[in-house]
Amino acid sequence: MSLLERTTSDEPALVAPPRKRRWGRFILPTYSWLVIAYLVFPIILMIFYSFNKVYNGIPQVSFSWIGFTTEWYRQWSNVPGLTPAFWLSIRLALVSTAISTVLGTMLAIALVRYRPPRFHGKVIVEQVIFLNIAAPEIVMGASLLGLFVSFNIGRGFLTLVLAHVMFSIAYVTVTVRARLSGFDRSLEEAAYDLGATPRVTFTRVTLPLIMPGVLAGALMAFALSIDDFVTSNFLSGSSAPFPVWVYGVTRVGIPPQVFVFGTAIFTVGIAFAIMSIVLARKKV
Amino acid sequence: MERTVPPDHPGGVVPYGRRRGVGRALAPYLLSLPAGLWLLLLFVIPLAFMLSLSLKTCSPSTGACVMTWHWGEIPSEVSLYHQEFITSLYFAAIATLIDLVISFPIAYWIAFYGGRRKNFFLLMLLVPFFVSFVIRTLVWEFILADNGVVLGTLKHIHLLPSGFHVLGTSYAVIAGLAYNYLPFTALPLYVALERIDRRVLEAAHDLYATRRAGFMKVIMPLTVPGIFAAFLLTFIPMFGDYVNQQILGGTSNTMIGTVIQNQFLVNFDLAGGASLSAVLLVVALLGIYLYARLLGSRTIDQYL
């Protein structure tokens, strides 16, 4: 989601010979809208299915359309196990987002501002970040499980937080770093010249300027955490977060409320993303 | 004009970065210590531990593992599950290829013709991420189900024969993988295309390059690192994915991720699971190493 942060350069379309404009005018846009439709279609279907009635009162979503009902929205919390799993996911995402945003932002500041003579090990840190993003998630989850099992560390909320912060830090760092690299240091120097202490300079000048990047990083961390299945499945033990719980019932039958929660997460997520785009535009 | 620095004032008028003091010298380390420590303890050390675990022998009853330098574990696991490795390779390769083909034109269009609505289109590319991964895959089960809203309707109006069947086949797994990971391909491609200096392209046209030549000789070569980054960022997670196969693929076409998960969570075979994960990790590292060797100047995370 760091991309949402990138400022748009309002450059004109590429300079090209005027003939054959139909590629840019007609074929590419039509194609692109078809791809967007393909991306959006399953989400519309999810919302659609959250209004579907069920067969003979058995509370499972059926593949075929039976009839329209808003029953599942009224009885959103009626499924045993689902609501606690959902709140667990929310708590987990909030805690891990808070930690990884602070740690990731600090690391990003260190990486942007300091080079090897003053910051030995910068290259190693960068390589670890890079490896963390590229490594298959199943390997990270499995390796953590191996460690926890071997050292007899009980699995639960704490291990989930440890793991979620671990895989979010790198994304926060990359997102904040992208924002920081265009940072005008002379603004900080001006604050110092006017007698501001480092603390005042940071809270009144630096932080407000990098805030959109930090927010985008936090949004990213939240999305990664609430969506995570692979790592959580390895580490959750008896307390399953939302995605793990949903995966667990796929073989048995999915209560319609799953799609209600899915719709709710989608709506809130989209609202936050639009807000962050609007904020980013204002700051630029 | 003479400028003086009050001794008790840490900022003073000395330009930033030239101020002295232990705190200043330690600043980069203090800033990176918490995150670095977290990654060391919960990312680097577990990976190293897992590599060592693959050389240990574990007792199935107590779960206790002893280091026996058992190098044979990895080859024996690989030969035992080579079919699952091949299936994963095949599914991930095809789905990644599909994603590259689907997303290149749209990334190109957004980068070059997006104008003021670029952010909106990028949000549209990211839209699948706002629905949980597991739910996204479940919805594909609904789309591909024999009597679902989509296939059922198509059969009803006789656009498809009534015996048509996708769910539970490899096609369903590839379709699910391709959908779930499309943004991972499209975004790096977009970043690569967006970064192309438009003046280079103008220069090519000034020198009478045709549109086709401008595309093939300017845009494509400059996009190669982005294509490679997109490939890695899509292929590596797909290779380890097992959710799509479990939900959409039925009981056949098992992928290696399923085996690893079962080794850890069902069979409690830590050494076996660790060996297979180690192989997966090596495959990923190999891809990353190749990328760094061939196109070294930029790291992949700059395409995020």
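The values are calculated or read from the model by the stated rules, or taken from the named source; none is laboratory data. Small disclaimer: the values here were computed from a predicted structure and weren't measured. As a convention, Cβ positions derive from the backbone with ideal geometry for all residues, glycine included, and neighbour counts pool all protein chains shown.
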**Study point:** Hey, A:VAL61 modelled with pLDDT under 85, over 30 Å from A:THR203 (Cβ atoms), within 11 Å of chain B (Cβ to nearest Cβ) and in contact with a helix residue (DSSP H, G or I) (Cβ under 6 Å, 6 or more places away or on another chain) or not
**Key:** yes
Check your understanding: Inside the range B:126-142, can you point out the residues that are at the interface with chain A (Cβ under 7 Å from one of its Cβ atoms), part of a helix (DSSP H, G or I) and within 25 Å of the chain's Cα centre (by Cα)?
Key -> B:LEU126, B:VAL127, B:PRO128, B:PHE129, B:PHE130, B:PHE133, B:VAL134, B:ILE135, B:ARG136, B:LEU138, B:VAL139, B:TRP140
Review point. Counting only residues that are more than 10 Å from chain B (Cβ to nearest Cβ) and within 21 Å of B:LEU144 (Cα to Cα), which one in the range A:24-58 is surrounded by the fewest Cβ atoms within 10 Å (Cβ to Cβ)?
Key: A:TYR55
Review point. So which residues in the range B:126-161 are under 26 Å from A:PRO241 (Cβ atoms), in contact (Cβ under 8 Å) with a residue 24 or more places away in the chain and not acidic (Asp, Glu)?
Key: B:LEU126, B:PRO128, B:PHE129, B:PHE133, B:VAL134, B:ARG136, B:THR137, B:LEU138, B:TRP140
Study note, to complete from the structure: Inside the range A:70-94, the number of residues satisfying the requirement of being farther than 19 Å from A:THR267 by Cβ and part of a loop (DSSP other than H, G, I, E, B) is 4
Review point. Quick one: would you say B:LEU39 is assigned to a helix (DSSP H, G or I) and modelled with pLDDT under 90?
Key: no
Review point. Of the residues that make up the range B:270-282, is at least one surrounded by fewer than 17 Cβ atoms within 10 Å (Cβ to Cβ), at the interface with chain A (Cβ under 7 Å from one of its Cβ atoms) and in contact with an Asp or Glu (Cβ under 9 Å, 6 or more places away or on another chain)?
Key: no
Review point. From the list B:PHE215, B:PHE184, B:PHE228, which residue is more than 20 Å from the chain's Cα centre (by Cα) and either among the hydrophobic types (A, V, I, L, M, F, W, C) or within 12 Å of another protein chain (Cβ to nearest Cβ) (or both)?
Key: B:PHE215
Point to revise | A:VAL61 being surrounded by 14 or more Cβ atoms within 10 Å (Cβ to Cβ), touching a residue at least 24 places away in the same chain (Cβ under 8 Å) and not in a helix (DSSP H, G or I) | key: yes
Exercise for review: Specify which of the listed residues (A:SER150, A:SER186) is touching a strand residue (DSSP E or B) at 6+ places or on another chain (Cβ under 8 Å), of a type in the set (S, T, N, Q), facing another protein chain (nearest Cβ under 10 Å) and free of Cβ contacts under 8 Å to residues at least 60 places away in the same chain.
Suggested key: A:SER150
**Study point:** Scan of the range A:142-189 for residues that are out of contact with any helix residue (DSSP H, G or I) (no Cβ under 7 Å at 6 or more places or on another chain) and among the charged types (D, E, K, R), ordered by number
**Key:** A:ASP184, A:ARG185, A:GLU189
Exercise for review: Go through the range A:175-284 and tell me which helices (runs of 4 or more DSSP H), entirely inside it, have 1 or more residues that are buried (at least 17 other Cβ atoms within 10 Å of the Cβ) and modelled with pLDDT of 90 or more.
Suggested key: A:207-227, A:230-235, A:242-249, A:257-283
Practice item. May I ask you to list pairs of residues, at least six apart or on different chains, whose Cβ atoms are under 6 Å apart, with the first in the range B:69-89 being among the aromatic types (Phe, Trp, Tyr) and the second being not in a helix (DSSP H, G or I)? Key: B:TRP69/B:LEU55
